[in-house]
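The values are calculated or read from the model by the stated rules, or taken from the named source; none is laboratory data. Computed from a prediction, not measured in an experiment: that's the story for all the values here. Heads up, the Cβs are rebuilt from the backbone with ideal geometry, glycines too, and the neighbour counts pull from every protein chain shown. These area figures cover heavy atoms from the full protein model, side chains too; ligands, DNA and RNA do not enter into them. Shrake-Rupley method; radii C 1.70, N 1.55, O 1.52, S 1.80 Å.
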Amino acid sequence: MAGPVSFYETGVPLVADMSSDVLSRVVDFNKFDLIFAGAQKNIGIAGVNVIVVNKRILGKVDRKLPTMMDYRNHIEAGSMLNTPPVFAVYVCLLTLQWLKEQGGVAAIEKVNDQKAKLLYDTIDALPLFKGTVDKEDRSKMNVCFIMENKDLEKEFLAECKQHGMVGLKGHRTVGGFRASLYNALPLSSVEALTELMQDFAQRKG
């Protein structure tokens, strides 16, 4: 579950969508030319996006860009080019203060590693469940898995709901399950899920 950094060495401008993993692990932002992140996962609520851009890559296109799509305009306006979503920005402030209280990104990364390892180890240990992503490509933020028996999937989801665990149904295009382990989710929640998985597997496996 260690975070490899080999993707930094590209030799070309490096652009990343970090909507799911921003501030979930220590990353050297200076290695990137452009980072985009929707704030609604680890930073705040919907309505705020975070852009980290190397100014040296700006202004190198001949075509005319729409005003809102030209990051130079946002920089010149101090990120106040249009009316900001004040409440959403305030929630970001509270979330970042909470993250600092936890010990910062390095501290929350350790917790995220624990959560992901516990859930993936449980999936790998129970024949009833099956991971859908190769081990070297697994996400620590969104854990996707399935059951070969689709009828059991429905039954398991129902039991999850009975225990107050919701939002585990996988994306409609792929099915199965998706457990999101964003920063705000405590380790105790993953422990509760894995305990239910073990109990369900013992009864149904």
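A few comments on the model shown:
- Under the criterion of Cα pairs below 8 Å and six or more residues apart, the relative contact order for the chain equals 18 percent.
- When GluC sites (Glu not before Pro) are flagged only if DSSP places them in a loop and at most 12 other Cβ atoms lie within 10 Å, the longest unflagged stretch of the chain comes out as 10-147.
- Computed about the Cα centre, the dipole magnitude for the stretch 113-205 is approximately 300 debye when only Lys and Arg (+1) and Asp and Glu (-1) carry charge, each at its Cβ.
- Distance in nm between pseudo-label sites at residue 132 and residue 171 (7 Å out along the Cβ direction from Cα): 0.8
- Per residue accessible area in Å² of the stretch 21-140, where ligands, DNA and RNA are left out and the probe is 1.4 Å: 64
- Computed about the Cα centre, the dipole magnitude for the stretch 10-166 is approximately 540 debye when only Lys and Arg (+1) and Asp and Glu (-1) carry charge, each at its Cβ.
- Two-decimal Rg/Rh across the chain, once Rg and the Kirkwood Rh are taken from alpha-carbon atoms: 1.03
- Apportionment of accessible area to carbon and sulfur, the stretch 142-202, percent (1.4 Å): 51
- Using equal-weight Cα scatterers in the Debye expression, the normalised intensity of the stretch 75-143 in log10 at q = 0.15, 0.16, 0.24 Å⁻¹ is -0.72, -0.76, -1.01.
- Entry note, the stretch 7-104: relative contact order of 22 percent, from Cα contacts under 8 Å with a spacing of 6+ residues.
- Most positive-pole-ward Cα, 85, 112, 22, against dipole of the stretch 6-125 from beta carbon charges: 85
- Residue (of 61, 200, 44) at the positive-pole extreme of the chain, dipole from beta-carbon charges: 61
- Simple Cβ-charge dipole of the stretch 1-95, Lys/Arg +1 and Asp/Glu -1, about Cα centre, in debye nearest 20: 160
- For the chain, the longest principal axis of the C-alpha atoms and the axis of helix 187-204 are separated by about 40°.
- In loop segments of the stretch 16-71 as defined by DSSP, the trypsin sites (Lys or Arg not before Pro) with at most 10 further C-beta atoms inside 10 Å of their C-beta are 60, 63, 64.
- For the stretch 80-125, with all protein chains in place and a probe radius of 1.4 Å, 64% of the accessible heavy-atom surface sits on carbon or sulfur.
- Counted over all Cα-Cα pairs of the stretch 25-124, pairs farther apart than 24 Å make up 40 percent.
- Interchain or long-range residues, amide H under 5 Å from residue 142's placed H: 181
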